[in-house]
Structures are given as C-alpha cells and as structure tokens.
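To start, the structure under review is shown below, and the notes come after it.
The values are calculated or read from the model by the stated rules, or taken from the named source; none is laboratory data. Quick caveat, the model's predicted, so the values are computed rather than measured. For neighbour counting, all protein chains shown are included, and Cβ atoms are generated from backbone atoms with ideal geometry for every residue, glycine included.
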Amino acid sequence: VEADDARIVGESLLVLGRIHTRGARSGLEIDSDWSAVVQFKDGKAISAWDWLDHAPALEAVGCRSSRVAMSRAIEVKIEMLIARPSEVVWAFVSDLERLPEWLGEFCAVVKQSGGPVAEGTVFRYTIEPGQRSSTLQIVEWEPERRLAWDGPPLKWHGGAGRPRGYFEVTDAGGGCARLVSCYQPVLTGTMALLAPVMKRWLRKQRLTDSARLKTLLETSRS
Amino acid sequence: MSEANIENALLAIEAWNRQDLAVFIDFWHPEAEWRPAFPKGTEGTGNVFRGHEGIEEAWRNVREA
C-alpha cells in the first residue's frame with residue numbers, strides 16, 4: 001500500500017493511495033487505486049473503511065474531488081545526554097534567541113513579546129535559504145523542564161512548513177542532563193509531497209545540530 | 001482529530017507493508033471496527049472485523065489468500 005495523500009477532513013482522516021496485490025495461489029497481480037477513511041478515539045483507530053477506488057472515500061467525507069489542501073505531519077525526535085547540569089542545559093535551550101548558535105538553518109531569532117518568557121511569548125525567526133521570516137509562539141512553558149512551540153506555516157517553493165515541536169530537559173544524575181528535542185513540522189503543498197525526503201533531511205540536520213549543541217555546552221563553562 | 005493521527009496512519013501502512021503485525025495492531029483501538037477493501041477473491045471481502053483479534057484475523061486472511 002502506498003499513501004499519496006493523507007489529510008484531516010472534519011472528524012475523519014482521509015487517505016488516498018494505491019495498492020498492489022499478488023495472489024499467493026493464482027499469481028494474479030492487481031494494481032488499483034486505494035482509499036481509506038479512519039476515525040480515532042484516544043489516539044487509536046476506532047473505525048476504518050477502505051476501498052479499491054478513491055471516489056467512495058471522497059464521498060464519505062463529503063469531498064467532491066481530491067483537489068483539497070494536502071497536509072503531512074512529520075516527526076524527528078532526538079534524545080541525548082549532555083555532561084552539564086540540567087539547569088545549565090535548560091537555560092541555554094530555552095533561550096530561543098540563541099537557537100542560531102546551534103540550529104543550522106536559523107539566522108536570527110528575536111523575542112517580540114514583552115516580559116519574561118512564558119506561554120504565549122512570540123518570537124520572530126529568520127532562516128536560510130532565502131532569509132525567510134515568520135513567527136513562532138511558546139505554547140507550553142514549564143520552567144526548568146519543558147517548552148513547546150507552534151507557529152503559522154512558512155511558505156517555500158509552492159508549499160509551506162508549520163513549525164511545531166518541543167524541548168524537554170531532565171536531570172540524568174552525575175551532573176548530566178537528558179535533553180529530548182522533538183521537531184514535528186506540518187508540511188503542506190509540495191513540501192507534503194516531499195515529506196519522506198524532508199524527514200530524512202530534518203533528521204540528518206538535527207543530529208548534526210544536536211552534536212553541535214552538546215559540544216558547545218560541554219566545552220563552555222560560562 | 002490530531003495531526004499526529006496522520007503520522008500514526010502512515011506508520012501503520014508502513015507496518016502493513018513490511019509485515020510487522022505488532023506495530024499494525026498497535027494502531028487500532030481495542031474496540032475498533034475495520035471494513036477492509038480486500039480484492040475480490042480474497043477471503044474476508046465485505047466482512048467487518050472487530051477488536052484486535054478481528055484485525056489480526058483480517059491480516060492473516062489477506063496474507064494467506
């Protein structure tokens with residue numbers, strides 16, 4: 001089964017793709033369009049219908065054609081130990097204006113809201129390539145432990161990427177901290193079509209960035 | 001409905017393709033109902049499969065056909 005498109009329509013998940021089947025006894029091979037409509041409960045699939053055609057699924061969710069916005073969420077999660085106390089690691093990673101020091105494509109991040117950082121604080125960021133700029137907002141803020149961000153989609157080459165993710169810092173004992181960094185952008189348009197490529201790129205980039213962060217923190221005593 | 005459900009569905013499709021039953025089953029709610037579009041001639045066509053046991057039965061039906 002190959003999913004060419006997966007998107008949320010109302011309370012359902014609509015998946016459009018193709019299926020290739022080969023009969024074990026007959027040897028008969030069939031290539032067909034394939035579609036599914038899935039409902040979820042508590043994060044698990046509670047009801048699913050699928051068809052060897054796109055039309056029934058589109059009809060089931062009330063779409064007249066497949067020409068609706070495509071959306072794909074990807075996730076890259078990296079966990080690592082850093083040989084510095086958790087409060088030092090938290091102070092560094094929670095200062096989003098320092099992201100350009102360790103996150104590859106970031107050129108600048110500037111806090112736009114007044115007052116101390118908290119849920120609702122807005123930052124403006126600029127990234128390469130193309131010096132593209134948008135905002136992100138702190139949507140979860142638990143001092144010394146966790147922050148999460150979200151922001152409007154940033155356009156790029158006929159598509160867009162909505163920045164989402166979180167950092168979690170915990171004390172790992174022995175003067176070390178465990179950092180979990182999770183990046184969950186939502187891709188639309190051409191970027192959604194390139195989701196597998198984007199995910200591979202993001203993972204490679206963030207592994208490099210994480211190694212840079214670890215070196216930066218472990219060699220700096222400031 | 002969460003965007004994470006999209007990622008979960010794509011992971012379930014990957015699990016189906018690489019024949020990883022455990023991951024595929026984990027995608028489903030224990031009270032799930034699945035009406036799969038098995039090709040004609042495959043045992044189970046038109047059936048409703050319920051719960052993890054039913055999902056596993058559907059999985060085995062299509063792979064043995």
Margin query: Name the single residue that is modelled with the highest pLDDT among those in the range B:43-65 being part of a loop (DSSP other than H, G, I, E, B) and of a type in the set (Val, Ile, Thr).
Written below: B:48
Item checked: Qualifying positions in the range A:108-132 - among the charged types (D, E, K, R), over 16 Å from residue A:148 (Cβ atoms) and free of Cβ contacts under 8 Å to residues at least 24 places away in the same chain -> A:111, A:124, A:128
Item checked: Those residues of the range A:87-126 which are crowded, with 16+ Cβ neighbours inside 10 Å, among the aliphatic types (A, V, I, L, M) and over 26 Å from residue A:172 (Cβ atoms), in sequence order -> A:109
Check: Counting only residues that are surrounded by 16 or more Cβ atoms within 10 Å (Cβ to Cβ) and under 13 Å from the mean Cα position of the chain (by Cα), how many does the range A:180-202 have?
Finding: 14
Checklist line | Matching residues, the range B:51-63, being of a type outside the set (S, T, N, Q) and surrounded by 15 or more Cβ atoms within 10 Å (Cβ to Cβ) | finding: B:51, B:52, B:54, B:55, B:56, B:57, B:58, B:59, B:62
Next item on the list: For residues that are closer than 26 Å to residue B:25 by Cα and modelled with pLDDT under 85, scanning just the range A:61-79, find the one that is surrounded by the most Cβ atoms within 10 Å (Cβ to Cβ).
Entry: A:72
Next item on the list: Taking residue A:143 as the residue in question, decide whether it is exposed (fewer than 14 other Cβ atoms within 10 Å of the Cβ), over 15 Å from the mean Cα position of the chain (by Cα) and within 18 Å of residue A:103 (Cβ to Cβ).
Entry: no
Checklist line | Pick from the range A:150-178, criterion touching a helix residue (DSSP H, G or I) at 6+ places or on another chain (Cβ under 6 Å) and at pLDDT 85 or above, ranking: nearest to residue B:2 (Cα to Cα) | finding: A:161
Margin query: When you scan the range A:199-212, do you find a residue that is closer than 21 Å to residue A:111 by Cβ and in contact (Cβ under 8 Å) with a residue 60 or more places away in the chain, even just one?
Written below: yes
Check: Any chance the range A:214-221 includes a residue that's surrounded by 18 or more Cβ atoms within 10 Å (Cβ to Cβ) and at pLDDT 95 or above?
Finding: yes
Check: Restricting the first residue to the range B:12-28 and requiring it to be more than 8 Å from chain A (Cβ to nearest Cβ), which pairs with a second residue that is part of a loop (DSSP other than H, G, I, E, B) and acidic (Asp, Glu) meet a Cβ separation below 9 Å and a spacing of at least six or different chains?
Finding: B:14/B:20
